[in-house]
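The values are calculated or read from the model by the stated rules, or taken from the named source; none is laboratory data. Just so we're clear, the structure is a prediction, and the values are computed from it rather than from any experiment. Heads up, the Cβs are rebuilt from the backbone with ideal geometry, glycines too, and the neighbour counts pull from every protein chain shown. For the accessible areas, the whole protein counts, side chains as well, though only heavy atoms, and no ligand, DNA or RNA atoms are used. Shrake-Rupley method; radii C 1.70, N 1.55, O 1.52, S 1.80 Å.
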Amino acid sequence: MIDDFADSGRTILDRCDEFAQFTEEPDRLTRSYGSPALAAAMARAADWMSEAGLSVRRDAAGNLIGRLAAADPGAPTLLLGSHLDSVRDAGKYDGPLGVLTALAALDRARAQGPFPFHVDVVAFADEEGLRFRTAYLGSRAFAGAFDPALLELTDAAGIALREACLAAGGDPEALAAGVARPERLLGYVEAHIEQGPTLESLDVPVGVVSTIAGQTRVNATFRGEAGHAGTVRMMHRRDALSGAAEFVLAAERQARGKAGLYITVGHLVVSPGASNVIPGEVRLTADVRSANDGVRERALVELRAAATDIASRRRLELDWRVVPGNAAVPMDRELTQRLANAIDACGYPVHHLPSGAGHDAVMLARLCPVAMLFVRCKGGVSHNPAESVSAEDAAATVAVLARFLDDARTSLS
Ligand code: GLV
Ligand code: MN
Ligand code: MN
């Protein structure tokens, strides 16, 4: 049966290769919100949606939505999708695989007959938050949870989110006003590479997600005093980078000491940033995650205490800002069972696994039931150009999603 889907699997990988050419950096794949590279990827996705007979539109955030409309305009809607933006120096599959497998599965399933509900394939415009250090900007707006104050955020070049939204084909004023979503939503289903090693170690192509870990991001600044590298005595220094370095190691120690806790310091800006000047200020980010909300919340308290202690011992000032994050998001039981049934019907064993990575489903869970399918990726590697998925596993994903849609046609309401 999966042989029937082999062509789809190859086409999806070819299309991921094509998307990978749309990048804002010459030698690596980087596609941030509002960039010409993302606009080009969205335009190509719109072509493919139109070729598949979907009616295509953009929303206020620049998310791309392709609709297969039901005969009754007042019918409810089932959502499928993922995102087309990327991290810096990204792999080819984180995001695009979910959009393209959804499109291919819908194409297969519609050949079996019409749906009594609309099916929307959504390509979200910003999940990674690379440019404005946010998370889920596209799906946040889609879910009506966008805070208009975010429009004033600026990127590293000082360009405001408001401008990036226009460049992304969105409408900042409409975004600020919020979206009204009168139609009934039946659910949101997202396929995504696993970004971990579990499915590969079990030797299965796909699995169903149980929960998405909660996450909180912190923007912290250690402030000391810049000075001459050759004259200020070592014991008199207030070196912000030495404090930040101690903090990075304390965060690592803390996370290693607690099962299921992940802490990452992924971005540091050292000022003034010269080899002969003592660092006067360091701005850094800490990303704290756990599938257990209590563990994450306690970790944040301990992390702040560690930063405060380091700052006071080193006579530094500390500024600690917590960016509102999200609690762990359990997947909808019924929708997940439907995905599990589809996996079983395609002849694969069913495995449930949690997601340590964040996904647009986190935001969509505010609107409707959500469920996710994970796809095996080589070595569990992701957020890295070595990300790799096989055409066979992409084909298996399309087969499972098409089966899910076929069953949903008669039983989801
Ligand atoms: C997105 O990939 C995230 O988990 O940060
Ligand atoms: Mn990602
Ligand atoms: Mn992703």
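Using a 7 Å offset from the Cα along the Cα-to-Cβ direction at both ASP27 and THR410, what is the distance between the two label points in nm, to one decimal?
5.7
Mind running the shape call on region 133-202? Use the C-alpha gyration tensor, a ≥ b ≥ c as the square roots of the eigenvalues: rounded below 1.5 for a/c, prolate if a/b tops b/c, oblate otherwise. It would help to have the intermediate numbers written out before the result.
Numbers: a/c = 3.22, a/b = 1.43, b/c = 2.25.
Oblate, since a/c reaches 1.5 and b/c is not below a/b.
Give me the angle, in degrees from 0 to 90, between the Cα long axis of helix 240-256 and the longest principal axis of the Cα atoms of the chain, rounded to the nearest 10.
For 240-256 against the chain, the angle is about 50 degrees.
With springs only between Cα atoms under 10 Å, which of LEU241, LEU13, LEU64 fluctuates most in a Gaussian network model of the chain?
Between LEU241, LEU13, LEU64, it is LEU241 that shows the largest mean-square fluctuation.
Taking region 145-232, which trypsin sites (Lys or Arg not before Pro) meet the DSSP loop condition and have no more than 11 other C-beta atoms within 10 Å?
Loop-located and lightly packed - none at all.
Of the residues GLU24, GLU194, GLU225, which exhibits the maximal mean-square fluctuation in a Gaussian network model of the chain defined by a 10 Å Cα contact cut-off?
Highest fluctuation of the listed residues: GLU225.
Between region 341-413 and region 85-140, how many Å separate their Cα centres?
Each part reduced to its Cα centre gives a spacing of 12 Å.
Per-residue HN-Hα couplings for region 74-91, Karplus 6.51 cos²θ - 1.76 cosθ + 1.60 at θ = phi - 60°, whole Hz, x for Gly and Pro?
With coefficients 6.51, -1.76 and 1.60, one gets x, 5, x, 10, 9, 9, 10, x, 5, 10, 10, 7, 9, 7, 7, 6, 8, x Hz.
Using a probe radius of 1.4 Å on heavy atoms only, what accessible surface per residue do you get for region 15-88? Whole Å² is fine.
In whole numbers, region 15-88 has 38 Å² accessible per residue.
How much length is gained if the chain between GLU173 and ALA69 is pulled fully straight, taking 0.36 nm per residue apart and subtracting their Cα-Cα distance, in nm to one decimal?
34.7 nm
From the Cα gyration tensor of region 141-262, with a ≥ b ≥ c the square roots of its eigenvalues, which class applies: rounded if a/c is under 1.5, or else prolate if a/b is larger than b/c, or else oblate?
oblate
What FRET efficiency comes out for ALA180 versus ASN276 if R0 is 45 angstrom and r is the Cβ-Cβ distance? Round to the nearest 0.05.
Details: r = 58 Å, r/R0 = 1.28.
For ALA180 and ASN276, the calculated efficiency is 0.20.
Using a ≥ b ≥ c from the Cα gyration tensor of region 318-413 (square roots of the eigenvalues), is it rounded, prolate or oblate, where a/c under 1.5 gives rounded and otherwise the larger of a/b and b/c decides, a/b for prolate?
oblate
Hey, if you drop one equal point scatterer on each alpha-carbon of the chain and run the Debye formula without solvent, what base-10 log of I(q)/I(0) do you get at q = 0.07, 0.11, 0.12 Å⁻¹?
-0.35, -0.82, -0.96
Report, in deg cm²/dmol and to the nearest 500, the calculated mean residue ellipticity at 222 nm for the chain, where each DSSP H run with n ≥ 4 adds -39500 (n - 2.57) and the sum is divided by the residue count.
One gets -11000 deg cm²/dmol as the mean residue ellipticity at 222 nm.
Subtracting the Cα-Cα distance from 0.36 nm times the residue separation, let me have the gained length for MET235 to ARG304 in nm, one decimal.
Here the segment from MET235 to ARG304 would lengthen by 22.3 nm.
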